[in-house]
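Notes to accompany the following structure.
Any read-out appearing in this document is the output of simple, stated calculations on the displayed coordinates, not a laboratory observation. Every value quoted in this text rests on a predicted model; they were computed, and no experiment measured them. No Cβ is skipped: glycine too gets one built from the backbone with ideal geometry, and neighbour counts run over all protein chains shown.
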C-alpha cells in the first residue's frame, strides 16, 4: 500500500519535476517549488535550513519520510526534494498526508509560537 502511494514520485521524477540540493533551495527562493519532502535522517542543520526557508516562503513541507523509501523511488541519495510542478505537488501532498498524517512541520511551529 505504501509503495503504491509513493510510486507517484517515480512519475514526478520522469517528468523532471524534482529539484534537490542547491537547485531546490534556489527554487524555494524563487517560489518555483510547491512542496518539499524531507527525510528522517537529514542532519539538524539541513532540517533547520529547509524548514526555515519553507516557513518563510510559505511552502508546505512533509517531514519524517523514510529515507530508504524515498531513495528507492527517486533513485538518488537525497535527504530532501522539492517538486516544481503545481499539480504534481498537490497530488504528492494529498498522498503523503494519507501516509504520514495531516500535520506538517509548519503547523507544529505555529502551534509552538
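General observations
- Qualifying positions in segment 6-27 - touching a helix residue (DSSP H, G or I) at 6+ places or on another chain (Cβ under 7 Å) and within 10 Å of residue 83 (Cα to Cα): 9, 12, 13, 17, 18, 19
- Scan of segment 58-77 for residues that are crowded, with 19+ Cβ neighbours inside 10 Å and more than 9 Å from the chain's Cα centre (by Cα), ordered by number: 59, 70
- Count of segment 42-57 residues which are closer than 11 Å to residue 79 by Cα and loosely packed, with under 13 Cβ neighbours inside 10 Å: 1
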